[in-house]
1. So which residues in the range 76-87 are under 18 Å from F142 (Cβ atoms) and in a loop (DSSP other than H, G, I, E, B), if there are any at all?
2. Applying the selection to the range 90-127, what residues are within 21 Å of Y152 (Cα to Cα) and either among the polar types (S, T, N, Q) or free of Cβ contacts under 8 Å to residues at least 12 places away in the same chain (or both)?
3. Could you list, in sequence order, all residues of the range 205-261 that are buried (at least 16 other Cβ atoms within 10 Å of the Cβ) and of a type in the set (F, W, Y)?
4. Could you tell me which of the residues A145, A131 is farther than 19 Å from V71 by Cβ and among the aliphatic types (A, V, I, L, M)?
5. Please enumerate the residues belonging to the range 26-73 that are buried (at least 19 other Cβ atoms within 10 Å of the Cβ), part of a helix (DSSP H, G or I) and more than 18 Å from the chain's Cα centre (by Cα).
6. I want to confirm something. Restricting to the range 74-84 and keeping residues that are within 18 Å of the chain's Cα centre (by Cα) and closer than 23 Å to R39 by Cα, which single residue is surrounded by the most Cβ atoms within 10 Å (Cβ to Cβ)?
Amino acid sequence: MVSGKEAGEGIRALILGIYQLGGARLDKEKLRGAIKDERFPRSAAYDPEWMIKNEMGPSAVWLMEFLTEAVELKPGMKVLDMGCGKAISSIFLAREFGVQVWATDLWISASDNLERIQEAGVEDRVFPIHAEAHALPYARDFFDAIVSADAYHYFGTSELYLHYFIRFLKPGGQIGIVVPGLKKEFSDGVPEKLEPYWESEFFTFHSPAWWKELWNRSGLLDVEVADDMPDGWEVWLKWENLARESGLWSREGDVGLLEADKGEYLGFTRVVGRRR
């Protein structure tokens with residue numbers, strides 16, 4: 001019988017065999033070919049090294065493309081990108097949809113993000129803001145839409161947070177998030193196979209049904225979408241392996257967790273609602 005560890009190593013070897021040539025690190029062209037995914041046609045136009053160097057977790061560009069399939073964006077709209085990290089999701093929004101984006105983050109300074117925004121040539125449409133999620137400097141009813149990729153679970157799981165956050169969205173506007181999540185909630189604590197890799201912050205991972213119930217209880221919006229990305233764990237694992245094998249970062253990432261799970265629980269949760 002093959003052990004879980006041996007099976008995980010087998011999956012890893014298979015992926016590395018596909019994306020490496022002769023044991024060498026992927027060069028830019030091979031990386032571009034390997035990272036292409038038909039599920040994310042817009043993202044394919046972006047420099048993969050740029051996406052990896054500026055990532056802060058699973059690909060923000062891929063996640064934002066998935067989210068915007070369910071969020072209606074039109075040129076000129078004012079959009080809040082909450083928890084934008086290094087602003088690559090904000091740059092993507094401005095380029096792809098012609099919207100104005102307030103790229104808001106706590107961990108990355110506005111000055112650092114401005115450099116990336118200027119390099120991308122979208123400083124007339126993307127405005128970097130350094131702010132904490134509970135102390136936002138915006139007027140009520142200011143934004144036409146609010147989006148967040150791989151961030152909202154860090155600050156938005158409280159029963160009360162949506163009551164604060166939604167005030168910045170115009171009535172009738174959409175709010176959409178995509179976050180690491182669960183296909184189903186754990187019935188009896190963290191499954192044994194995930195325990196070696198589980199960290200306390202992962203308890204913010206929840207299912208689409210969990211998020212839908214939380215947002216519905218607020219009475220502030222109508223939930224239009226609550227689902228997960230098809231084969232999201234495979235997308236996540238592909239990104240982690242490619243990013244590591246590119247040689248552009250050295251962190252271990254979540255490979256062990258994802259290989260242990262094998263798609264039973266983990267993936268990406270998407271929720272979209274419209275303010276009443």
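The values are calculated or read from the model by the stated rules, or taken from the named source; none is laboratory data. Every value quoted in this text rests on a predicted model; they were computed, and no experiment measured them. Here Cβ is always computed from backbone atoms with ideal geometry, including for glycine, and neighbour counts include all displayed protein chains.
1. If we filter the range 76-87 for residues that are under 18 Å from F142 (Cβ atoms), which is where we start, we get 76-84.
Hits for the range 76-87 are G76, M77, G83, C84.
2. Across the range 90-127, the qualifying residues are S90, Q100, T104, S109, N113.
3. F205, W210, W211, W215, W233, W236, W239, listed by residue number.
4. A131
5. L31, A34
6. Of the range 74-84, the ones within 18 Å of the chain's Cα centre (by Cα) are 79-84.
Among the residues that remain, those that are also closer than 23 Å to R39 by Cα are: 81, 84.
Values: D81: 29, C84: 31.
Among residues in the range 74-84 that are within 18 Å of the chain's Cα centre (by Cα) and closer than 23 Å to R39 by Cα, the one surrounded by the most Cβ atoms within 10 Å (Cβ to Cβ) is C84.
Conditions (1) assigned to a loop (DSSP other than H, G, I, E, B); (2) not charged (D, E, K, R), marked per residue:
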site: V223; (1), (2): no, yes
site: N241; (1), (2): no, yes
site: R244; (1), (2): no, no
site: G247; (1), (2): yes, yes
site: L257; (1), (2): no, yes
site: G267; (1), (2): no, yes
site: R274; (1), (2): no, no
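Let's see how each residue does on (1) out of contact with any His (no Cβ under 6 Å at 6 or more places or on another chain); (2) surrounded by 18 or more Cβ atoms within 10 Å (Cβ to Cβ):
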{"position": "D124", "(1), (2)": "yes, no"}
{"position": "H130", "(1), (2)": "yes, no"}
{"position": "A135", "(1), (2)": "yes, no"}
{"position": "A139", "(1), (2)": "yes, no"}
{"position": "D144", "(1), (2)": "yes, yes"}
{"position": "F168", "(1), (2)": "yes, yes"}
{"position": "V179", "(1), (2)": "no, yes"}
